Every structure is written in structure tokens, then in C-alpha cells.
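A.B. asks: Structure below; questions to follow.
The values are calculated or read from the model by the stated rules, or taken from the named source; none is laboratory data. Remember, predicted model here, so these are calculated numbers, not experimental data. Keep in mind that these areas ignore ligands, DNA and RNA; they rest on the heavy atoms of the full protein, side chains included. Shrake-Rupley method; radii C 1.70, N 1.55, O 1.52, S 1.80 Å.
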Amino acid sequence: MLVIIIKKLGMLLLSSIILLILTFWFYIRANNLGNQDIFLQFLIYLNRILRLDFGYSSMSFRPVTEEFAEFFIATFELCLIAMLVSVTVGLTMGCFAALHRDRWMDGAITNVSIFCSSIPIFWIAQLLISTMAVSIDWVPCSGRISLLYQINPKTGFILIDTLLDDSEYSLDAFLNACTHFLLPVFSLAMLPTTEIIRIVRNSLYSVMQQNYIKVAFSRGWSSGHIIIRHGLKNAMPSILGQCGSVLFLTFTSVIIVENVFNWPGIGTWIIEAIRNSDTNVVNAYLVLIGFIFVILNIFLEFIADLSIIFLNRYENEQISKV
Amino acid sequence: MKLGKLNKFRGLDFFRILRRDWMAWYALWFLILYLMVIIISINFFNLNPYDQQTMDFFRPPHLSFSFSKGFSKFIMGTDDLGRDVYARLVYGARNTFLYALYAAVISSLVGAFIGFLSAISKSKILHTVRILISSVRSYTPIIIAFAIITILGPSLKNATVAITVSLIPRFTAICYEITSEELRKEYIKAVMLDGAGTFTMFRLSLFPNIRDVLIIQFTKHFSMAILDLAALGFLGLSAVNPEPELGTMIAENMDMLYSGNYWIIAFPGIAIITFVIAINILSDGIRNALHKDNS
């Protein structure tokens, strides 16, 4: 246990140092500081990062950190809902495919997920806008909420803000915000869902071939019970170990989705900054998103290791009881 | 463990088993046909992706064939500047797929080299290099592209470099994991006890057994590189305007969709989807074929 914690902390330290060096290289190149004392510049840079001071944005003349916090919440809300959708759909579909192995259900789920993982997100998003939003006009095509609703930002999460609002149209605003979520969430959740289906199915395949699952089936227990109590529980370490790739997939495809749907989040912000060569914003993005990714990655690995330990402990207890 | 004599006809066997999986077999032929169309169109037809026909804006797609005149002039119509969509599509597909192939090949070669060496040799330096590389595993191509492109400016080469750099850590980690897992098995120890050197062991025993995984991972990385390159092009971080590239073509003409000129962005999207689907199905079929072959 202690060894794992120390290993993960070391990994965290190493990754942060590499991240700092890479972003420092970017900082030097972007600000033309190559001819000055590198070590002194690095100390100044470190000091600025530790105080979370990334200077001012040249587009809006506001502090970059403040803008980041504002835009990040919008992105986080979209990612969270998309992850919820993709985890529920992906887990159930993956379990179905693993349970009906080598039958038509498995083949159908596998082939549909291969098909969905091959579609570029920006293309399917465009298709959705042109059909669902423009041709038949069921859902709005851009933004977080209709401009006619005046909502005071309290938490930054639009779904919570609309409900907390005092005005008489708060429920209407909430429903409006929900319809704005439909298309972005669908196009964002598609790719992670296929990835989760693949991971869950492959992990469950190997677990379902074990003898104890066969014993459980021969006892006449229902397949849902077996999947939840025995299958998923034993497949959890390998599923959690591969979860990092799903998160990174979501966090990168959200940039594209936001640009298509004009969502006021990190993705539109950073692309606008790159077009205007706003180096402070790009530097802040690289440092902050990089740190979030590094911490998430190491946290997920830590949880996967912990789950292996706990599973082994459980097995050892069972053995000692017998 | 496989013996040399039994291994002799494995290639033919592989194709026989692949043929039983009709989807993978058709995907293989589809890919061959697709590449033939690109190569023949570029080399034997007089196509110019930059040429502007000032009289022919927004020509809808029109396919006709007569022996005296040949194919109709604009099979897939023209775009808002009067450029032939088919010519741009063919050259764009060549650019996208070729540069994605470069990224996949270079990243897998470098990744495999570091992964194999650090797993087989017990050298501390290589181990450190591998750990350093794996600690940047969380950087996705788009984020690396942000840093590179803000400094160097958008171009197809910079986008390819970004994708290559971001794919190396994944391939290294996969190669290292497979190799160290195989090295623990007994047949490797038996070969080493028989007096085989490291290179002989690698060539005759280790590599044939991990070849399947490498092929599958390579195809997976190739399809990932295509989608990433197209996504970077869509965000305006890849090829600059007149240069044809599939993602850039879609991004430039996004507003044309609402005026009813669907063909300018429909065809590039279909081109990406069909190619990537064919690669994914083929990779799935190869995995199944190798699996059946082994058992």
C-alpha cells in the first residue's frame, strides 16, 4: 500500500517536472526569452505558476486564470453529462455483448461500435445540426441557453443556475438548457461509448471463462446477478486501468464538439487564442489542462492498483474462511 | 511456441482464414480498390485541385460516361471557388492518409524500438527513457499540436509531427507490456538455456509470438492518426487553405451545408468514414484470423 502511494507520488512529481520543462520551453519560445539567463527565467516562471498567475489575455484584457475558471466549468458540465451517458450505455452494452458471446447480439454491438468509432466527430455533429436543428428544427444548434433568458451565474453550471434562479421563467430556462445539451452530448458521448463497450466486453470475456462463473451458472443464478456480483467485480481492475484513455478521448473531442456547437468553453477559447496567437492563454491551457490530465491519469492508476489489492484481500479472506 | 517447419505456410493459411470472414475480406478488397482509385486518378488523369473554373461555381455532382468524351467534367461538382471537388478529394485523401501513415509508421518504429530494448535489456538508461516517455502519455495529439502550432504556425507537417510525438508513448507502453509479459514465460527461458543469444531469441521466439498484437496495434494507431489529422485540419491547425486536406475541406465549407450545397462536405466525410471503417474491420478480422490460427 505504502509502496504504491510512494510510487504514484514519484510518478506525479516526475510528470509534473516534465510538464513544467515542456511548457517552459513553450514560454521561452513564445516570449522570445532565449537570450536571457535560463535558470533565472525558470525560477520566475515557477513562481508565476505556483501563484497561478498567467498574465493577461491579449484578446479580452482580463486575467487568464479568471477566464479559465469561467470557461472550464462549461466544459466540465458538458464532459460530465457526456461521461454519464457513455458510462451507462457502454456498461450495459458491454455486459450484453459479453453475456451473448459469439451470437448475433454480440456481433451487432461490435459492428455498430466499430462503425461509430470510425465517424469523425465534426462530421457527425455537422450532420446532426443540418438535419435535427436546421431541417426539422427540433433542437437548437448552438450555445448553452437561448439568449432571451437572463440567468445570473452563481455556480457556473447552467443546469443548476437555471433552477436556482429567482425569476418566474426558471423552469422554462432549465428545459431550454436541457434541449441545448442534446446534440453536443450525443456527438461527444459517441466515441467514449464505443471505447467503453470495447473495454468492458474484452475484460468481461476473460472473466466469464473462469470456472467460478461456470459454477455460478450451473447453480441456476440469474445472469444479471452473476454479471454484477461476480463478473464486473472481478473485471473491475482491468476496466479501471484502461479508463484513462476514455477520459482523454472525451477531453480532446470536447474541443471539436465545442467548436462545432459554439459552446462557450475551453475548446472555443483555446482555438480563438491560437488564431490570435495569444500566447499567455495557450501557456495557461497547456499547464492547467496538462496538470489535470496528469493528476487524473495517476489517480486512475492508483485506484486500479487499489482495487487489485482489495480484490486479493477479499479472495484471501474467503480462502481462510473455507 | 511454434517450430520453423510448421510455420512455413502460415502466410497462406492466414489468408485462407481471413477469407472465411467475409467482412474483413471485402474490407481488404475495398482498401485496395480505394488506394488504386487514388493512385490512378492522381497519376493518369489530368486533375488540378487548385484550378478555379470561373464559370462553374457550385456545380452539383453529375456522373455520366460516353466513349467519345469520357467521364463528365465534374463528377462530384465544384465548390464555392469553382474548384473540382473530386480533384480536391483525391489529393486531400492522399495527403491525409499518407501523412497519417507517416505518423503511424514513425511512432510505431520508435515506440517498438524503445519498448523492446527496455524490456529485453536491463539497462538503467533505457528504463529511465521509457519512464520519462510514459509520463507524457496523457498528452493527446491536439494538445501537443497547440504548443507546436502556436510557435511554428499551422501546416500539415507540424500536425503530423504533433501526432507522431503523441503516439510514441502509447506504442512504447504497449510494446513494453507485451514483451515483459512474454519474457516471463517458460519457452523464452528454454530458448535462452539452449544457448540462444538475445537477438536470436528475439527473432525466432519472441517476435513471432507478439507479431499479432503489433499488427493490430499498428492498424489501430493508423486509424487514430487519420481521425486526429482530420480533426486538426478541421480546427484549422493542419493544412493551410489552398492545400487540399479532408478535415480542412470540411471546415472551410461548413456554411455551404445550409445553402443546400451538401456535396462539398458530404464527400470528404464519406471518404474518411469508409476508409477508417475498412481499416477497423480489417484489423478486427486479422485479430480473429490470427486467434483462430493460433488455437
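A.B. asks: Relative to the isolated chain, which residues of the stretch A:234-276 have their accessible area cut by 40 Å² or more in the presence of all protein chains (1.4 Å probe, heavy atoms, no ligands or nucleic acids)?
C.D. replies: Correct list: A:T252, A:I256, A:I271, A:I274.
A.B. asks: From the alpha carbon gyration tensor of the stretch A:113-264, can you work out the equivalent ellipsoid semi-axes (sqrt of 5 times each eigenvalue) and give them in Å, largest to smallest?
C.D. replies: Computed over the stretch A:113-264, the values are 39, 20, 14 Å.
A.B. asks: Using only Cα atoms, what is the ratio of the radius of gyration of the stretch A:147-212 to 2.2 N^0.38 Å?
C.D. replies: Cα Rg divided by the expected 2.2 N^0.38 Å: 1.84.
A.B. asks: In the stretch B:100-147, which residues become less accessible by 50 Å² or more once every protein chain is in place, relative to the chain on its own, using a 1.4 Å probe?
C.D. replies: Buried by 50 Å² or more upon assembly, which counts only protein chains, are B:S135, B:S138, B:Y139, B:T140, B:I143, B:F146.
A.B. asks: Let me ask another. Please turn the phi angles of the stretch A:142-157 into ³J(HN,Hα) values with the Karplus equation 6.51 cos²θ - 1.76 cosθ + 1.60 (θ = phi - 60°), one per residue in order, whole Hz, x for glycine and proline.
C.D. replies: 8, x, 9, 7, 4, 5, 6, 8, 9, 10, 7, x, 10, 9, x, 7
A.B. asks: Take the solvent-accessible surface of the protein heavy atoms, probe 1.4 Å, and return the percent of it on the stretch B:149-295 that carbon and sulfur atoms account for. Before the final figure, lay out each step's value.
C.D. replies: Details: 3590 of 5850 Å².
That fraction is 61 percent.
A.B. asks: Right, next: Please list the non-local residues whose amide H lies under 5 Å from the amide H of B:T78, H modeled 1.01 Å from N, same-chain partners needing a gap of 5 or more.
C.D. replies: It is B:F58, B:R59, B:V85, by chain and number.
A.B. asks: Name the residue, out of B:F199, B:F113, B:F30, whose mean-square fluctuation peaks in a Gaussian network model built on chain B with Cα pairs under 10 Å.
C.D. replies: Between B:F199, B:F113, B:F30, it is B:F199 that shows the largest mean-square fluctuation.
A.B. asks: Can I ask one more? Check every DSSP H run in chain B and write down those whose alpha carbon atoms cover 18 angstrom or more along the long axis and whose mean Kyte-Doolittle hydropathy is -0.5 or greater.
C.D. replies: Helices passing the filter in chain B: B:22-44, B:85-120, B:156-183, B:207-234, B:263-294.
A.B. asks: How fast does the protein assembly as shown diffuse by Stokes-Einstein, in µm²/s, taking the Kirkwood radius from C-alpha pairs at 10 °C and 1.306 mPa s?
C.D. replies: 59 µm²/s
A.B. asks: Over 19 Å between C-alpha atoms is what I'm after, so list which of B:K122/B:K189; B:K122/B:K185; B:K124/B:K220 land there.
C.D. replies: Listed pairs above 19 Å: B:K124/B:K220.
A.B. asks: For the stretch B:13-165, what is the convex hull volume of its Cα atoms per residue in Å³?
C.D. replies: Hull volume normalised by residue count: 204 Å³.
A.B. asks: If you don't mind, another one. Roughly how many Å² is the accessible area per residue of the protein assembly as shown, as a whole number, for a 1.4 Å probe?
C.D. replies: With the other protein chains kept in place, the protein assembly as shown gives 51 Å² per residue.
A.B. asks: Looking only at A:P63, A:P264, A:P140, which one moves most when chain A is put into a Gaussian network model with springs between Cα atoms under 10 Å?
C.D. replies: With Cα springs under 10 Å in chain A, the top fluctuation among A:P63, A:P264, A:P140 is at A:P63.
A.B. asks: May I ask for the accessible area buried between chains A and B, both sides summed, probe 1.4 Å, to the nearest 100 Å²? Could the numbers behind the result be given before it?
C.D. replies: Details: alone 18260 and 16710 Å², together 31270 Å².
Separately minus together, A and B give about 3700 Å² buried.
A.B. asks: Residues of the stretch A:126-141 losing 10 Å² or more of accessible surface, assembly versus chain alone, probe 1.4 Å, please list them.
C.D. replies: A:Q126, A:I129, A:S130, A:V134
A.B. asks: Also, I was wondering about something else. Enter the Cα centre distance for the pair the stretch A:188-207 and the stretch B:241-273, rounded to the nearest angstrom.
C.D. replies: 31 Å
A.B. asks: Quick one: P(r) of the stretch A:214-322 from all Cα-Cα pairs, 10 Å bins, percents rounded to integers, in order of increasing distance.
C.D. replies: Distribution as computed: 12, 27, 23, 17, 13, 7, 1 percent.
A.B. asks: Evaluated at 20 °C with a viscosity of 1.002 mPa s, what Stokes-Einstein diffusion coefficient in µm²/s does chain A have when Rh comes from the Kirkwood expression over alpha-carbon pairs?
C.D. replies: 94 µm²/s
A.B. asks: Using Cα springs under 10 Å in a Gaussian network model of chain A, which residue among A:R219, A:R103, A:R198 shows the largest mean-square fluctuation?
C.D. replies: A:R219
A.B. asks: Could you bin all the Cα-Cα distances of chain B into 10 Å bins starting at 0 and give me the percent of pairs in each, rounded to whole numbers?
C.D. replies: With a bin width of 10 Å, the distribution comes to 6, 22, 27, 22, 14, 7, 2, 0.
A.B. asks: State the percent of C-alpha pairs, over all pairs in the stretch A:1-109, separated by a distance greater than 20 angstrom.
C.D. replies: Beyond 20 Å sits 68 percent of the P(r) for the stretch A:1-109.
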